[in-house]
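Asker: Have a look at this one before I ask anything.
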Amino acid sequence: MSKSIQIVWFKRDLRLRDHAPLAEASCRNEPTVLLYIIEPMLINDPHFDIRHWRFITQSITDLNEQLSAKGACITLVIGNAEQAFASIAKQFTIARVLSYEEVGLDNTYQRDKRLKAWFNGHGIDWLEFANGGVTRGLNNRRNWKQQWHDYLRRPVDDPALEALQVIEPESLGTPLSLSNAVKVHHLDDTTDIISSLNALTAPAQTFQPGGEKRAWYTLNHFLAERGIRYAQQISSPSLARKSCSRLSPYLAWGNITPRQVLNRLNSKKSDSDWRRTVKAFSSRIQWRSHFIQKFESECSMEISPVNKAYENYPYAGALDAEPKVTAWQRGETGFPLIDACIRAVIATGYLNFRMRAMLVSFLTHHLNVDWRKGVVFLGRQFLDFEPGIHYPQFQMQASVTGTNTIRLYNPLKQALDHDKDGRFTRKWVPELAEVPDDLIHSPWKLSAMEQRLYGVELGRDYPLPIIDIEQASREARDRLWSFRERDDVKREARRILSKHTIPGSPRT
DNA sequence: TGGGCTTTCCT
DNA sequence: GGAAAGCCC
């Protein structure tokens, strides 16, 4: 009979503090494997790219540094999850697996169902813990706010790390070394993945670095100075980069929890200078969980509109849509703020909320392109990509819910309201750097002489607008508001409201 | 966490 | 005649 062990499976929860599965494992006096699995299925998934894998390996390195101070280490496996558990089961008797519930893409959901069956067949208990105030299998929102507040009130789940007996399996495939000194166990057929992960060593200064330590540094810096004008500057694409918390990737990849963040925010509650920040920021942390809960309750949102009637929405045909999508993805639409936003998010993985909403509105409303033609591309650009926020938000901004108000962002008005001096636009669209403030957002108005004067030839250095914005706005408004009046849209809207909203709350 | 147009209310 | 509120798409 082989030795009995338990496994703490780290999914998207790359931290040691406030970690319920780890805390539970530390209460049991048993040998424990701390397992992180990098799966080819996800490496090949177009929602993710090198920026995410770099963030994850940085986070694992951080975990391992903390663990090695206690004489422990993480077991990092590259390979599919079923194979990883099967390999460990050859060496040990797995008594139980402890992990969080994951609100993820369909491929991880299907994997979990396969694993559940495999665990059942092998007499392995799988203890899954609710994550961040989100409840699995919820059919309505009657008690959701109460559950959320209960989650916040309960003490953090800090594990007793010194009580944990961490062990590492002997051999899982060929051990290789990731350049950051973390040992990697890689199962068959993953050598190409190892080499591409090793190629990640090149520093990418423009992306936020991953890790639990970095998450706390970011939070503390936000509350020490950066965040004092949070509420006023949140909408500005340039100022938001400093005065927003920038915690989103750390929350998405589980370096820190909403509860830890809000507990830390308490220290500012009595400071009147920070009153607006505390109020605005804490409501957004809750809003975040609210969206993840939507996706948990309706995961079909990854592939179809939550309001099924929108399957028949009159989007542009494929031939018409393709060049528009390409221009949008490349930041070559001829609308300077739109192009600046796309280029900024590709280069840095970050964009403030309002500008993200504007990009979705422009694609789906002004260009009249099906939201599904842009949703994966944009998700991949976000370092903080979180399926549970991305899909419900994308659908809401694309107005395919039939319940929220229609948000048709005028890129020129947004530019005047939030980038009047063109600071952000000039940074990311340097072709227009010399154009003066009053023309930077409408370069198509430049005369031939002005184009020579400001060093930009329209149609060569910077594109002419791919659509007539006034006509497109008018058409989008008519299309959207008239579609909403259809009986099938209204019927679906009633179903959605009863499932996803808190009774009595105002509809926005 | 929209926007454009109209109405209303104030100076 | 301008700002805020209201209305409708």
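Asker: Which pairs have Cβ atoms under 8 Å, sit 6 or more apart or on different chains, and link a residue in segment A:208-221 that is aromatic (Phe, Trp, Tyr) to one that is outside any helix (DSSP H, G or I)?
Answerer: A:TRP216/A:ILE256
Asker: A further question on this structure: From the residues in segment A:297-338 that are touching a Ser or Thr at 6+ places or on another chain (Cβ under 6 Å) and closer than 30 Å to A:LEU416 by Cβ, which one is surrounded by the fewest Cβ atoms within 10 Å (Cβ to Cβ)?
Answerer: Of all residues in segment A:297-338, those touching a Ser or Thr at 6+ places or on another chain (Cβ under 6 Å) come to A:306-307, A:327, A:336-337.
Those left that are additionally closer than 30 Å to A:LEU416 by Cβ: A:327, A:336-337.
Numbers: A:ALA327: 21, A:PRO336: 29, A:LEU337: 28.
For segment A:297-338, the residue satisfying everything is A:ALA327.
Asker: Based on this model, can you work out whether A:ASP437 counts as out of contact with any strand residue (DSSP E or B) (no Cβ under 9 Å at 6 or more places or on another chain), under 18 Å from A:LEU359 (Cα atoms) and away from DNA strand C (no atom under 16 Å from the Cβ)? Can you show your working first?
Answerer: Values: out of contact with any strand residue (DSSP E or B) (no Cβ under 9 Å at 6 or more places or on another chain): yes; under 18 Å from A:LEU359 (Cα atoms): no; away from DNA strand C (no atom under 16 Å from the Cβ): yes.
No: the conditions fail for A:ASP437.
Asker: Please work out if A:SER442 is more than 16 Å from DNA strand C (Cβ to nearest atom), under 20 Å from A:LEU416 (Cβ atoms) and of a type in the set (Gly, Ala, Ser).
Answerer: On the way: more than 16 Å from DNA strand C (Cβ to nearest atom): yes; under 20 Å from A:LEU416 (Cβ atoms): yes; of a type in the set (Gly, Ala, Ser): yes.
Yes.
Let's see how each residue does on (1) within 30 Å of A:GLN233 (Cβ to Cβ); (2) in a loop (DSSP other than H, G, I, E, B); (3) hydroxyl-bearing (Ser, Thr, Tyr); (4) outside the structural domain of A:ASP339 (by TED's automatic domain parsing):
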position: A:ALA415; (1), (2), (3), (4): yes, no, no, no
position: A:GLU431; (1), (2), (3), (4): yes, no, no, no
position: A:GLU434; (1), (2), (3), (4): yes, yes, no, no
position: A:GLY455; (1), (2), (3), (4): no, yes, no, no
position: A:ILE466; (1), (2), (3), (4): no, yes, no, no
position: A:GLN471; (1), (2), (3), (4): no, no, no, no
position: A:ASP478; (1), (2), (3), (4): no, no, no, no
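Asker: Only one of these is more than 16 Å from DNA strand C (Cβ to nearest atom), open to solvent by less than 10 Å² (accessible area, probe 1.4 Å) and under 28 Å from A:LEU497 (Cβ atoms): A:GLY379, A:GLY422. Name it. Break it down stepwise before answering.
Answerer: On the way: A:GLY422 fails: under 28 Å from A:LEU497 (Cβ atoms).
Of A:GLY379, A:GLY422, the one residue that is more than 16 Å from DNA strand C (Cβ to nearest atom), open to solvent by less than 10 Å² (accessible area, probe 1.4 Å) and under 28 Å from A:LEU497 (Cβ atoms) is A:GLY379.
Asker: What's the total number of residues in segment A:108-127 that are touching a residue at least 60 places away in the same chain (Cβ under 8 Å) and open to solvent by 40 Å² or more (accessible area, probe 1.4 Å)?
Answerer: Number satisfying all stated conditions: 2.
Asker: Out of segment A:451-493, which residues are of a type in the set (Asp, Glu) and either free of Cβ contacts under 8 Å to residues at least 12 places away in the same chain or within 14 Å of DNA strand C (Cβ to nearest atom) (or both)?
Answerer: Just the residues of segment A:451-493 that are of a type in the set (Asp, Glu), to begin with: A:457, A:461, A:468, A:470, A:475, A:478, A:485, A:487-488, A:492.
Scanning segment A:451-493 gives A:GLU457, A:ASP468, A:GLU470, A:GLU475, A:ASP478, A:GLU485, A:ASP487.
Asker: Filter segment A:246-296 for residues that are open to solvent by 60 Å² or more (accessible area, probe 1.4 Å), of a type in the set (D, E, K, R) and either away from DNA strand B (no atom under 15 Å from the Cβ) or within 13 Å of A:GLY132 (Cβ to Cβ) (or both) and give the result.
Answerer: A:ARG264, A:LYS269, A:ASP273, A:ARG275
Asker: Only one of these conditions is not met by A:ARG477: (1) out of contact with any Leu (no Cβ under 8 Å at 6 or more places or on another chain); (2) open to solvent by 90 Å² or more (accessible area, probe 1.4 Å). Which number is it?
Answerer: Result: A:ARG477 passes all but (1).
Asker: Restricting to segment A:393-411, and then to whatever is assigned to a helix (DSSP H, G or I) and crowded, with 22+ Cβ neighbours inside 10 Å, can you tell me which residue is farthest from DNA strand C (Cβ to nearest atom)?
Answerer: Restricting attention to segment A:393-411, the residues satisfying the condition of being assigned to a helix (DSSP H, G or I) are A:393-397, A:411.
When the remaining residues are screened for being crowded, with 22+ Cβ neighbours inside 10 Å, the result is A:394-395, A:397, A:411.
Values: A:PHE394: 21, A:GLN395: 19, A:GLN397: 16, A:PRO411: 17 Å.
Of everything passing the filter in segment A:393-411, A:PHE394 is farthest from DNA strand C (Cβ to nearest atom).
Asker: Further question: With respect to A:GLY455, is the statement that it is away from DNA strand B (no atom under 12 Å from the Cβ), modelled with pLDDT of 95 or more and open to solvent by 30 Å² or more (accessible area, probe 1.4 Å) true? Before you say what the answer is, go through the steps one by one.
Answerer: Working: away from DNA strand B (no atom under 12 Å from the Cβ): yes; modelled with pLDDT of 95 or more: yes; open to solvent by 30 Å² or more (accessible area, probe 1.4 Å): yes.
For A:GLY455, the condition - away from DNA strand B (no atom under 12 Å from the Cβ), modelled with pLDDT of 95 or more and open to solvent by 30 Å² or more (accessible area, probe 1.4 Å) - is met.
The values are calculated or read from the model by the stated rules, or taken from the named source; none is laboratory data. In this text, all values refer to a predicted model and were calculated from it rather than measured experimentally. Here the Cβ is made from the backbone with ideal geometry for all residues, glycine too, and neighbour counts use every protein chain on show. Each accessible area value is taken on the protein alone, full model and side chains, heavy atoms only, with ligands, DNA and RNA left out. Shrake-Rupley method; radii C 1.70, N 1.55, O 1.52, S 1.80 Å.
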